[in-house]
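Undergrad: I'd like to ask you about the structure that follows.
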Amino acid sequence: MNHPPIDVYTKFACPYCVRAKRLLSGKGAEFNEYDITMGGPKREEMIRRAPHARTVPQVFIGDTHVGGSDELAALEASGKLDAMLAG
C-alpha cells in the first residue's frame, strides 16, 4: 500500500512537537522531521507550504496541511486520522 508522505516541521525542546510525533509514531506512521530551530531553507519551505503558520509543529500529510499538534489530535479524536494516513 502506498501511504502519503508525512512531513513534520519541529523545533528543539518543543513539547507540542513531541506530542505530535508520539501520536504519529503510535500509529506506526513514518514521517520526515525537519528541525527548523535555527531557521534556514526548511523554515522557508514550511512558510511557503503554510503561509500563515508561524508555530511548530506544522504537519503535512501528502499535500494536506493538517496544522499543529492540536489539529492532529482532533483528527485522531474524530476518527479521521487513520484514513488520511492510509491515503
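Undergrad: Going through region 13-30 one residue at a time, which ones are assigned to a loop (DSSP other than H, G, I, E, B) and buried (at least 17 other Cβ atoms within 10 Å of the Cβ)?
TA: Cys14, Ala29, listed by residue number.
Undergrad: Taking the condition of being over 15 Å from Pro15 (Cα atoms), open to solvent by less than 80 Å² (accessible area, probe 1.4 Å) and of a type outside the set (Ser, Thr, Tyr), how many residues in region 31-48 meet it?
TA: The qualifying residues number 9.
Undergrad: From (1) without any contact (Cβ under 8 Å) to a residue 40 or more places away in the chain; (2) more than 16 Å from Pro4 (Cβ to Cβ); (3) in a loop (DSSP other than H, G, I, E, B), pick out the condition that doesn't hold for Arg48.
TA: (3)
Undergrad: Right, next: Is it the case that some residue within region 68-78 is crowded, with 18+ Cβ neighbours inside 10 Å, touching a Phe, Trp or Tyr at 6+ places or on another chain (Cβ under 9 Å) and in a helix (DSSP H, G or I)? Spell out how you get there, then give the answer.
TA: Narrowing region 68-78 to residues crowded, with 18+ Cβ neighbours inside 10 Å: 68-69, 72, 75.
Checking the rest, the ones that are also touching a Phe, Trp or Tyr at 6+ places or on another chain (Cβ under 9 Å) come to 68-69.
From what is left, the residues that are in a helix (DSSP H, G or I) are 69.
Yes, that holds for at least one residue.
Undergrad: Same structure again: Can we say Val8 is assigned to a strand (DSSP E or B) and touching a residue at least 40 places away in the same chain (Cβ under 8 Å)?
TA: Against the criterion (assigned to a strand (DSSP E or B) and touching a residue at least 40 places away in the same chain (Cβ under 8 Å)), Val8 qualifies.
Undergrad: Would it be correct to say that Arg54 is in a loop (DSSP other than H, G, I, E, B) and either in contact (Cβ under 8 Å) with a residue 40 or more places away in the chain or over 11 Å from the mean Cα position of the chain (by Cα) (or both)? Please lay out each step first, then the result.
TA: Values: in a loop (DSSP other than H, G, I, E, B): yes; either in contact (Cβ under 8 Å) with a residue 40 or more places away in the chain or over 11 Å from the mean Cα position of the chain (by Cα) (or both): yes.
Yes: the conditions hold for Arg54.
Undergrad: Now for a different question. Mind checking whether some residue in region 51-58 is open to solvent by less than 20 Å² (accessible area, probe 1.4 Å) and polar (S, T, N, Q)?
TA: yes
The values are calculated or read from the model by the stated rules, or taken from the named source; none is laboratory data. Computed from a predicted structure; not experimentally measured. Every residue, glycine as well, gets a Cβ built from its backbone with ideal geometry; the counts of neighbours run over all protein chains shown. Accessible surface is based on the protein model in full, side chains and every heavy atom, while ligands, DNA and RNA are left aside. Shrake-Rupley method; radii C 1.70, N 1.55, O 1.52, S 1.80 Å.
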